[in-house]
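The values are calculated or read from the model by the stated rules, or taken from the named source; none is laboratory data. The structure presented is a predicted model; accordingly, all values stated were derived computationally and were not measured. Every residue, glycine among them, receives a Cβ derived from its backbone with ideal geometry; neighbour counts consider all protein chains shown.
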């Protein structure tokens, strides 16, 4: 049984394994030992028999000897990947076949073992396959739920600047290039990353996202690269990192400018070699992950201040897509507002019904939107709560939007603001003055960067971060 799952008190789904090797003694050993590890195993004496089994059944993992008569291990892996791309492959090789093992890794093999290997080594590899399979299944289920809740992941608007972004996405998505998405906070950088993934050849594989500035420095390495049991205090079990779980898919590194320099060095090595090493482990393993990064910072200005590695900046900036702020595409605001309203309303919006009054639209068009689309989403949700029947009028909008300068031009501006509204305005004004730089805004506000993130993630600001 997988120790990780056993410790959580639930019975894991058995790993379906195909084993192919022409050594009869090894066949008997595997047939006896793998079921004791919690696997369902099919043993084949040669490559042709293995391919025939793969064509009839689906396996989580195949273990193949590279040096077999007839079809060798490389040929078996090639056929397996054609039939079932999600099936992982572990290759067995002698000392003289190490180059062939490397070739198998380039074909997408999960890992390799050099003969003679121990059962403990094999069990460790199979445990990693199990962890990756279970995590991918949970992520796929979560993605389906999120997509149903959020609706289609499309970019709304017909402004020429957005048309240019769509065009760039269409050109870079089918490639394997690393992409850097730049733009102010709240402009939709993760939406661009998802669009790149959805239009790529990896669309049926995992898409994972992480905010590099939202985690403590001592946890970011574990999140990205994983850790071994006992690697540090609290590491009670082996854990796969995001690189390992995203194998075959896309990893979105949001706010990459917030990464500590030590983690930047490890990230650069992963990007250059394709090898990941868990924290506390001495054995690296290959991954095949496409990287999309995003930042609101100017990385080239951070390099001379020793805040960002120059070599990493060039490595991630193969292809850049810049997202315009909402104030530069204000003609898209009415369409965005309608789409955001449809998401927060419990009932579908009638096509013929007026959604916003002209006065409300004029207010939305005049506001500078320092928080961009995320702030607009928060404002529309606020208005939808106050407005019992459509259309939404200007008095349903928050005070700082309906009258950003504090002039008494609306019903909402005539009442005293709540502490939360004042805090909201203070945060956005600070972010605006520092062009979205959270560290500088936190320093001006007299709070820690962690406190600022907590404030942004609170209910009143969760969509205006």
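Among the residues in region 399-407, are any at pLDDT 85 or above, in contact with a strand residue (DSSP E or B) (Cβ under 6 Å, 6 or more places away or on another chain) and within 18 Å of residue 340 (Cβ to Cβ)? Checked against the condition, which is being at pLDDT 85 or above, in contact with a strand residue (DSSP E or B) (Cβ under 6 Å, 6 or more places away or on another chain) and within 18 Å of residue 340 (Cβ to Cβ), region 399-407 yields no hits at all.
Among the candidates 242, 251, 299, 268, the residue that is closer than 16 Å to residue 132 by Cα and at pLDDT 95 or above is uniquely 251. Total residues in region 194-214 satisfying the condition of being under 22 Å from residue 137 (Cβ atoms) and outside any loop (DSSP other than H, G, I, E, B): the figure is 7. The set of residues in region 319-333 that are over 22 Å from residue 433 (Cα atoms) and surrounded by 15 or more Cβ atoms within 10 Å (Cβ to Cβ) comprises 319, 321, 332, 333. Condition test on residue 147, is it under 20 Å from the mean Cα position of the chain (by Cα), buried (at least 18 other Cβ atoms within 10 Å of the Cβ) and either under 21 Å from residue 33 (Cβ atoms) or at pLDDT below 85 (or both)? No; evaluated as a whole, the condition is false for this residue. Of the residues examined, residue 126 is not one that is touching a helix residue (DSSP H, G or I) at 6+ places or on another chain (Cβ under 9 Å), part of a loop (DSSP other than H, G, I, E, B), at pLDDT 85 or above and on the phi < 0 side of the Ramachandran plot.
Please work out if residue 176 is closer than 20 Å to residue 321 by Cβ, more than 18 Å from the chain's Cα centre (by Cα) and not in a strand (DSSP E or B). It is false that residue 176 is closer than 20 Å to residue 321 by Cβ, more than 18 Å from the chain's Cα centre (by Cα) and not in a strand (DSSP E or B). Candidates 61, 39: the one that is buried (at least 17 other Cβ atoms within 10 Å of the Cβ), farther than 19 Å from residue 105 by Cβ, assigned by TED's automatic domain parsing to the domain that holds residue 106 and at pLDDT 90 or above is 39.
For residue 338, indicate whether it is outside the structural domain of residue 208 (by TED's automatic domain parsing) and in contact with a strand residue (DSSP E or B) (Cβ under 8 Å, 6 or more places away or on another chain).
yes
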